[in-house]
Every structure is written in C-alpha cells, then in structure tokens.
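Contents: one structure, followed by commentary.
The values are calculated or read from the model by the stated rules, or taken from the named source; none is laboratory data. Remember, predicted model here, so these are calculated numbers, not experimental data. Backbone-built Cβ (ideal geometry, glycine too); neighbour counts: all protein chains shown.
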C-alpha cells in the first residue's frame, strides 16, 4: 500500500509541475510587455529593462509553485518587476568608455528631422527632470499610473500602501507637475 501511495504522489507532483509550467508559460506570454514597461519606467533604458524583465521571469520561475496561490497575476508580476528594476537602478554603474565608443557607429538616423528630434528630446528631458525632482513617494505612484496605466488598487498592491494614499499622492504629484510646467511656460512666453 505504501508503494502505491508513493506512485500516486509522484504522479500528482508531475501533473502539478506540468500545470505550473503551463501557468508560467501563460504568465510570460500574456504579461511580458507589462513587465518590460514597468521595468523600463524605472530604468529608462531598453537593455536594462530587458535584463530586468528576464530577471523578473527568472524569479517567477524560481517561485513557480506559488503561482496557483496568486489572485491577481498582473499585479503580482508588476510588483516583482518593480522591485527588480528598483534593485537594478540602485546597482547601476557607468558604461565603460570602450563600450560607449563601440556604440557610437551603430546610431542610425531616422526619418524625423534633427530639429524635431531635438525638440522632442528637450521636452522629454524637461518632463523627466520634473518627474525625477518629485519625491519618490509621489513619483512612484505617478509612474505606475501614467506609464503603466495601472489602477490605484493595483498601484497600492505593487507599492504596499492603501488605495487612498495612492489617490492622494497621484493628485499631489499631478498638481505639482501642472504648476511647474505652467511656471516654465510662463517664463518662456514672458521672456
């Protein structure tokens, strides 16, 4: 009887492993773009975001047995991606000069004019600076809301705070950005 129970337990474990692999495949297939976008919103670099995406799914694979317990897969993955990206941002180092020299010849021109590219880059730079100047308690919910189009409930789950705090911080961050942009535009038009 004991040998029969061992065989049944092994068969159940194999069936559960197959189900876990299918769940993991589903998670990667359906949520890879979300994980990449969350990573990119923190790291602001394509290659680093790709690495963070891979690291996120590696962590999910490592803890794949917990997939069955997850209620909101999208939010769970976003939380992991956010943490991985924040960890990578803290560890970020400068690119060695040798690697930078190799990248220069690979830069290609685009159909957009140089003036338009410069204006877009300048506008993006100003907005990035304004967002970066926000305290992280305001910047993080704003990034998840605006770039990742997450709901306040999902943001609360990702950042580990209550939904009312998320809504309040989003309102405050948008109000600060609106005021700073208005001041910048008034300064340019008034000069």
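Of all the numbered requirements in (1) at pLDDT below 90; (2) surrounded by 10 or more Cβ atoms within 10 Å (Cβ to Cβ); (3) under 25 Å from residue 56 (Cβ atoms), residue 82 misses one, and that requirement is (1). Could you list all residues from the range 20-78 that are farther than 24 Å from residue 153 by Cβ and not in a helix (DSSP H, G or I)? Result: 44, 45.
Can you confirm whether residue 60 is crowded, with 20+ Cβ neighbours inside 10 Å, within 25 Å of residue 136 (Cα to Cα) and touching a residue at least 12 places away in the same chain (Cβ under 8 Å)?
No, not satisfied.
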